[in-house]
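Okay, so here's the structure we're looking at.
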Amino acid sequence: MELSPNSLYIVSTPIGNLDDITFRAIDVLKKSDIILCEDTRHSLKLLNYYKIKKKLISYHKFNEKKQASRVIEYINQGKILSIISDAGTPLLSDPGRLLVNKCIENKIKVVPIPGASSITSAMSVSGFRDRFLFYGFLPKTENELEKVLTSLSQKSFSQIFFIPALKLNFYIKYFKKYFSGRKLLIAKELTKIHENFLRANIDDLKLFKNNLKGELTVIISEKDIKNKVLDKEKIVNKAKKYLKKYSLKDTVDLILESVKNNRKDIYKLCLKVKNEKNN
């Protein structure tokens, strides 16, 4: 594969099992002049496994600002650069956003090389609805965490978080407070020999006596929104008002913004109002 000049390659790497990498990703890394990585020692394990010997430059959240301008210079000199993270798809709760934005500003093409991701891997085995929100790492302080979870708990979607195993019990207490009635999946050691999935109803979940290790991918299930008793009089009054200005479909949509009921039931009532109006 011929690589494009004046481009930055965002290369996904394995999240555990070193065989979980695409042929294209290996090809791009072999043809790169420079590979940006969070921890050069960690990345060398993967590169040595595939016999890739290239210049590595440490690129992490503490030196991102300083390195970004330097990287742009390298690309403008005609060098082929790629960026990898310690595991999975770069920029997802990993450094690189600043660099990507600089590339966009400088008309440098940004090329994704897709591959492994703990987000989609865990979601695929969760059994939860696939409309989900990915948040990443939650705040560490109680005040910030309370603010974030107050907002997130109102969302009906499944939600994905990255959690350091040592902090799991701390976050479980808040999950029980804000996500009561939902289910939870804890994915640990994804794609590795000791891969394990812990499933539980949040209300029944106990704190862990023994500390788990590593970084966990935690998914909270979707929120079941139960329909309220249909307030027919309220809906009919709204329908009469809206149908003077709007179509039947728009009327139903407008009513659904304030009345959380089954769309089919609201549609039937609105249609009845419309037909009575036309007779």
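The values are calculated or read from the model by the stated rules, or taken from the named source; none is laboratory data. Remember, it's a predicted structure, so these values are computed and weren't measured experimentally. Here Cβ is always computed from backbone atoms with ideal geometry, including for glycine, and neighbour counts include all displayed protein chains.
Observations on the structure shown:
- Of all residues in segment 77-105 being surrounded by 12 or more Cβ atoms within 10 Å (Cβ to Cβ) and among the polar types (S, T, N, Q), the one that is modelled with the lowest pLDDT: S93
- Wholly within segment 81-199, helices (runs of 4 or more DSSP H) carrying at least 2 residues that are more than 19 Å from the chain's Cα centre (by Cα): 97-105, 142-152, 168-178
- Looking only at residues in segment 200-222 that are polar (S, T, N, Q) and modelled with pLDDT of 95 or more, the one that is nearest to the chain's Cα centre (by Cα) is T217.
- Summed over segment 177-198, the residues that are closer than 22 Å to E142 by Cα and surrounded by 16 or more Cβ atoms within 10 Å (Cβ to Cβ) give a count of 5.
To keep it simple, each residue is scored yes or no on (1) within 20 Å of D204 (Cβ to Cβ); (2) out of contact with any helix residue (DSSP H, G or I) (no Cβ under 7 Å at 6 or more places or on another chain).
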residue: F128; (1), (2): yes, yes
residue: S151; (1), (2): no, yes
residue: I163; (1), (2): yes, no
residue: N169; (1), (2): yes, yes
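- Whichever residue in segment 245-266 is modelled with pLDDT of 90 or more and surrounded by fewer than 17 Cβ atoms within 10 Å (Cβ to Cβ) and, among such residues, is farthest from the chain's Cα centre (by Cα): K245
- Selected residue (criterion: modelled with the lowest pLDDT) from residues of segment 26-62 that are in a loop (DSSP other than H, G, I, E, B) and more than 17 Å from L81 (Cα to Cα): K61
- All positions within segment 1-25 that are over 27 Å from N196 (Cβ atoms), in contact with a strand residue (DSSP E or B) (Cβ under 7 Å, 6 or more places away or on another chain) and not in a loop (DSSP other than H, G, I, E, B): S7, L8, Y9, I10, V11, R24
- Residue in segment 236-243 that is of a type in the set (F, W, Y) and surrounded by fewer than 16 Cβ atoms within 10 Å (Cβ to Cβ) present: no
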